[in-house]
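Colleague: Here you go, one structure.
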Amino acid sequence: RFRFRENAKMDQVKTSIENGVLTVTVPKAEVKKPNVKPIQIIGKPTLPTNFEEVTWAKLKYAICSIFLKQPDSYDLEKLYQAVSDLCIYKMTGNLYQRIETECEAHISTALQSLVGQSPDLVVFLSLVERCWQDLCGQMLMIRGIALYLDRTYVKQTANVRSLWDMGLQLFN
């Protein structure tokens, strides 16, 4: 039993036997190639003039929501895409600075809130530990959103810490 491809012309199969050798000739139907039409692109696509500011506003809102432990209405995948877009359009240095400034402000506020909380050293250390645990979770979320930045700009730029290391440094 033989199986033939779909484009075999079964009605035109020819066979012959010569010196005990069976020869089967199966013509194939010509496969039509797709008609490819060139697309003419006129000019390069341009970003809206306020692209960086609008995108940063969304990211800043998300970062603030993370630090303030408030629910965020933005989809994490869309936030990741926003960071990716800023990186693709070479806005990485400014983005990193803005994230660092935003994190510094929130971490500084969290540390300032610990001052004078309790004269009892054990209680104070438990408050510091809770603050530390919160920061670790928050920095993991921010790093997840800005992972593209961490994997491109940070790795390719000397003397720039990963977002995780930056958060740890700010806590000190």
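Colleague: Put +1 on the Cβ of every Lys and Arg and -1 on every Asp and Glu Cβ in the stretch 11-148; which of GLY116, MET141, PRO48 then has its Cα farthest towards the positive end of the dipole?
Modeller: Of the options given, the answer is PRO48.
Colleague: With +1 assigned to the C-beta of every Lys and Arg and -1 to the C-beta of every Asp and Glu, and no other charges, what is the dipole magnitude of the stretch 1-143 about the Cα centre in debye, to the nearest 20?
Modeller: Roughly 1320 debye for the stretch 1-143.
Colleague: State the label only: which of (i) 1.45; (ii) 1.34; (iii) 1.99 corresponds to Cα Rg over 2.2 N^0.38 Å computed from the shown model?
Modeller: (iii)
Colleague: Same structure, new question: What does the charge count near GLU102 come to, summing +1 for each Lys or Arg and -1 for each Asp or Glu among other residues with Cβ under 13 Å from its Cβ?
Modeller: The answer is +1.
Colleague: By the gyration tensor of its Cα atoms, with a ≥ b ≥ c the square roots of the eigenvalues, what is the shape of the stretch 58-103: rounded for a/c under 1.5, prolate for a/b over b/c, or oblate?
Modeller: In terms of gyration-tensor shape, oblate.
Colleague: Could you rank the peptides 2-10, 141-149, 120-128 by their average count of other C-beta atoms within 10 Å per residue, with the highest value first?
Modeller: 141-149, 120-128, 2-10
Colleague: With the other protein chains left in place, how much accessible area per residue, in square angstrom, belongs to the stretch 4-113 at a 1.4 angstrom probe?
Modeller: 79 Å²
Colleague: While we're on this one: Leaving out ligands, DNA and RNA, and with a 1.4 Å probe, what % of the accessible surface on the stretch 97-172 is carbon or sulfur?
Modeller: Carbon plus sulfur share of accessible area: 54 percent.
Colleague: For the chain, what is the mean residue ellipticity at 222 nm derived from helices alone (per DSSP H run of n ≥ 4: -39500 (n - 2.57); sum divided by total residues; nearest 500 deg cm²/dmol)?
Modeller: -16500 deg cm²/dmol
The values are calculated or read from the model by the stated rules, or taken from the named source; none is laboratory data. Here the structure is a predicted model, which is why all the values come from computation and not from measurement. Neighbour counts are summed over all protein chains in view; Cβ atoms, including those assigned to glycine, are modelled from backbone coordinates with ideal geometry. Remember, those area values only see protein heavy atoms, side chains included, never the ligands or the DNA or RNA. Shrake-Rupley method; radii C 1.70, N 1.55, O 1.52, S 1.80 Å.
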